[in-house]
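Data first, discussion second: the structure below is written as structure tokens.
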Amino acid sequence: NRDQIIPAMPLPRRRSVPVDVGGVVVGGSAPVVVQSMTNTDTADIESTVRQVASLARAGSELVRITVDRDEAAAAVPHIRDRLRAMRIDVPLIGDFHYIGHKLLTDFPDCAEALDKYRINPGNVGFKEKKDRQFGTIIETAARYGKAVRIGVNWGSLDQALLTSLMDANSVAAHPVSASAVMKEAMVQSALMSSQRAEEIGLPRDRIILSAKVSNVQELIAVYRMLASRCDYALHLGLTEAGMGSKGIVASSAALGILLQEGLGDTIRISLTPEPGGDRSLEVKVAQELLQTMGFRAFLPVVAACPGCGRTTSTLFQELAKDIQSHLTERMPVWREMYPGVEEMNVAVMGCIVNGPGESKHADIGISLPGTGETPTAPVFIDGQKAMTLRGPTLAADFKQIVEEYVER
Ligand code: SF4
């Protein structure tokens with residue numbers, strides 16, 4: 001029975017310890033959380049506030065900002081205050097490397113203003129210094145009641161740990177590949193750091209782990225290993241995913257497989273933006289990934305056929321785009337008034353071949369006339385043909401029908 005070998009449904013979600021990050025729960029039975037990161041200089045308060053606000057409005061439920069030097073740490077409480085004044089309460093995560101211990105100690109207002117600290121065990125220091133500096137960060141988090149993500153990265157792995165595992169592998173009876181040793185080093189680095197954090201006094205429900213690499217297959221493998229050896233909440237993300245469609249495809253492939261296996265409590269789609277490009281694209285992609293896979297619903301889905309030689313006019317592409325924009329614009333109001341509207345499916349199809357069938361499967365659908373067909377467009381509501389549209393007001397009429405359907 002193939003159904004027993006290849007599950008058609010996602011595997012049950014892995015049981016993880018829920019972590020409260022500034023009021024947003026990551027892990028446990030909470031929905032998978034969408035997060036993103038700014039690319040502004042955090043010391044530039046204006047630009048950072050603007051970008052955090054834009055990401056939050058796009059639907060980012062957590063936003064990470066770089067805290068790399070004194071000026072950035074000093075800016076954090078002001079950024080927090082400015083966002084609150086704008087009624088934007090999105091939890092803020094500080095991204096610390098190398099000198100996080102110093103910044104959190106020297107700028108207590110920054111430590112207080114952030115909801116979570118992201119640290120990298122590979123660059124928190126070496127030997128005794130590492131112990132001391134790591135300890136300072138963890139003690140600060142424990143004192144202020146903040147969450148910590150221990151984020152291991154393939155490109156900045158704990159060199160001492162990696163060297164010792166490589167040495168052991170070189171004299172092992174059955175040595176494994178260098179890539180297998182690296183993955184083991186990533187997992188051990190995350191687990192040893194989290195155990196140390198607990199010994200220092202940070203509770204389990206304040207710890208989130210990640211282990212990012214840039215190769216899709218390696219990422220899947222390393223998260224499977226990590227997930228099987230702990231119950232900490234997991235942050236998923238493909239690092240250095242790349243630009244444009246490459247980054248979107250690579251991230252969706254890797255994260256889609258892990259989510260299907262029940263792994264992952266929060267996701268970030270890291271995309272390299274085009275110069276001047278819209279940073280919130282990564283939020284949109286994360287939402288679409290979760291919605292496409294059926295884990296969450298953010299916005300009504302518009303199913304549109306790709307079009308082909310049977311459609312000579314651009315009417316149906318224009319209508320599909322128009323309807324998608326209309327739904328996006330109306331959502332802030334609809335979300336308040338009509339809970340569940342985000343689960344609605346709309347179909348806009350180009351001809352009679354698949355049009356009526358696909359439209360019947362949607363909550364509301366329209367099948368536009370293809371080449372040589374009668375210039376009429378049947379509309380289907382809840383699987384039944386409800387009316388036929390025609391003429392120059394067809395697009396406006398369909399939008400009105402969608403509007404009335406939502407209200408009803
Ligand atoms: Fe082409 Fe019609 Fe299929 Fe759309 S529904 S892709 S127009 S055959």
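The values are calculated or read from the model by the stated rules, or taken from the named source; none is laboratory data. Since the model is a prediction, treat every value here as computed from it, not as a measurement. Quick note on the areas: whole protein, heavy atoms, side chains included, nothing else; ligands and nucleic acids left out. Shrake-Rupley method; radii C 1.70, N 1.55, O 1.52, S 1.80 Å.
A few remarks follow.
- Take every pair of alpha-carbon atoms less than 8 Å apart whose residues are at least six positions apart; their mean separation over the length of the chain yields a relative contact order of 13 percent.
- Potential lengthening between Arg69 and Lys127 on full extension [0.36 nm per residue; Cα-Cα distance subtracted]: 18.6 nm
- Here the stretch 255-285 and the stretch 92-117 have alpha carbon centers that stand 24 Å from each other.
- Computed over protein heavy atoms with a 1.4 Å probe, the accessible surface of the chain works out to 47 Å² per residue.
- Once the Cα atoms are used to define both axes, helix 45-58 deviates from the longest principal axis of the chain by about 50 degrees.
- Taking every DSSP helix (H) stretch of at least 4 residues in the chain, weighting each as -39,500 (n - 2.57) and dividing the sum by the residue count yields a mean residue ellipticity at 222 nm of -14500 deg cm²/dmol.
- Taking the DSSP beta bridges with both ends in the chain, the antiparallel portion is around 25 percent.
- Net lengthening on full extension, Met166/Thr388 (0.36 nm per residue, minus Cα-Cα): 72.9 nm
- Among Gly370, Gly22, Gly237, the largest mean-square fluctuation in a Gaussian network model of the chain (Cα springs under 10 Å) belongs to Gly370.
- By the Kirkwood approach, averaging reciprocal distances over each pair of separate Cα atoms, the chain gets a hydrodynamic radius of 23.4 Å.
- Separation of alpha-carbon centers, the stretch 48-66 and the stretch 369-390, rounded to whole Å: 42
- Using C-alpha pairs below 8 Å separated by at least 6 residues, the relative contact order for the stretch 336-408 is 22 percent.
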